[in-house]
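Encoded as structure tokens, the structure appears first; notes follow it.
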């Protein structure tokens with residue numbers, strides 16, 4: 001079982017977002033965490049069909065790679081998610097993945113009838129995002145989407161790294177401070193999880 005699940009949401013495996021997540025993952029590993037990594041672009045995850053078969057028991061009726069990532073994520077104490085900004089939101093791969101967690105939302109709020117806002121976080125979340133522009137509201141929509149995705153999986157947003165002005169695949173290499181920040185964030189997340197486990 002992994003301590004942390006890291007989810008790469010960019011279609012570019014070696015782009016800026018992925019390079020930052022690589023550093024965060026390394027920081028977590030160097031601080032003692034076991035990290036399971038999943039590249040959404042390489043997986044078969046179909047869009048939600050909104051057939052609501054999940055109303056029976058919270059289980060999604062579509063069988064593909066979603067289940068293995070979901071199961072690993074739910075067993076972990078931490079989740080790292082990284083996606084660049086496409087039209088002021090996450091990538092299509094990331095959004096499709098998020099949408100499939102509608103089944104867990106159904107289980108949590110319709111089947112188990114958890115009162116809204118009255119749940120205890122089971123894991124800590126870390127989010128990395130990169131956008132080409134420098135707009136003031138560049139990450140607003142994405143952070144709102146992330147908030148409700150994390151809600152469905154009982155995760156609190158522990159920290160985030162939001163980077164503006166990076167577009168070409170290796171632009172982040174001109175910003176060693178961002179790469180170092182990602183590494184330190186990953187190490188800090190692992191350390192905080194270890195502290196929580198000792199309590």
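Being touching a residue at least 40 places away in the same chain (Cβ under 8 Å), exposed (fewer than 13 other Cβ atoms within 10 Å of the Cβ) and over 18 Å from residue 107 (Cα atoms) is the filter here; which residues of segment 27-74 pass it?
30, 32, 47, listed by residue number.
In a strand (DSSP E or B), touching a strand residue (DSSP E or B) at 6+ places or on another chain (Cβ under 6 Å) and closer than 24 Å to residue 191 by Cα, is that true of residue 20?
In short, no.
Can you tell me which residues in segment 185-199 are in a helix (DSSP H, G or I) and surrounded by fewer than 15 Cβ atoms within 10 Å (Cβ to Cβ)?
Residues satisfying the conditions are 194, 195, 196, 197, 198.
When you look at residue 5, is it buried (at least 16 other Cβ atoms within 10 Å of the Cβ), closer than 21 Å to residue 99 by Cα and out of contact with any helix residue (DSSP H, G or I) (no Cβ under 7 Å at 6 or more places or on another chain), yes or no?
Here the answer is no, as residue 5 does not meet what is asked.
Would you call residue 124 closer than 29 Å to residue 187 by Cα, surrounded by 14 or more Cβ atoms within 10 Å (Cβ to Cβ) and either without any contact (Cβ under 8 Å) to a residue 60 or more places away in the chain or touching a strand residue (DSSP E or B) at 6+ places or on another chain (Cβ under 7 Å) (or both)?
Taking the combined requirement at face value, the residue satisfies it.
Looking only at residues that are more than 9 Å from the chain's Cα centre (by Cα) and buried (at least 22 other Cβ atoms within 10 Å of the Cβ) in segment 75-90, which one is farthest from residue 2 (Cα to Cα)?
The residue in question is 85.
Go through (1) modelled with pLDDT of 95 or more; (2) exposed (fewer than 15 other Cβ atoms within 10 Å of the Cβ) for residue 97 and report which single condition fails.
(2)
Working only within segment 11-26, note down all residues that are touching a helix residue (DSSP H, G or I) at 6+ places or on another chain (Cβ under 7 Å), over 21 Å from residue 89 (Cα atoms) and either free of Cβ contacts under 8 Å to residues at least 60 places away in the same chain or buried (at least 20 other Cβ atoms within 10 Å of the Cβ) (or both).
Those that are touching a helix residue (DSSP H, G or I) at 6+ places or on another chain (Cβ under 7 Å), over 21 Å from residue 89 (Cα atoms) and either free of Cβ contacts under 8 Å to residues at least 60 places away in the same chain or buried (at least 20 other Cβ atoms within 10 Å of the Cβ) (or both): 23, 24, 25.
The values are calculated or read from the model by the stated rules, or taken from the named source; none is laboratory data. As the structure is a computational prediction, the values presented were derived from the model and not from experiment. Don't worry about glycine lacking a Cβ; one is built from the backbone with ideal geometry, like all the others, and counts go over all protein chains shown.
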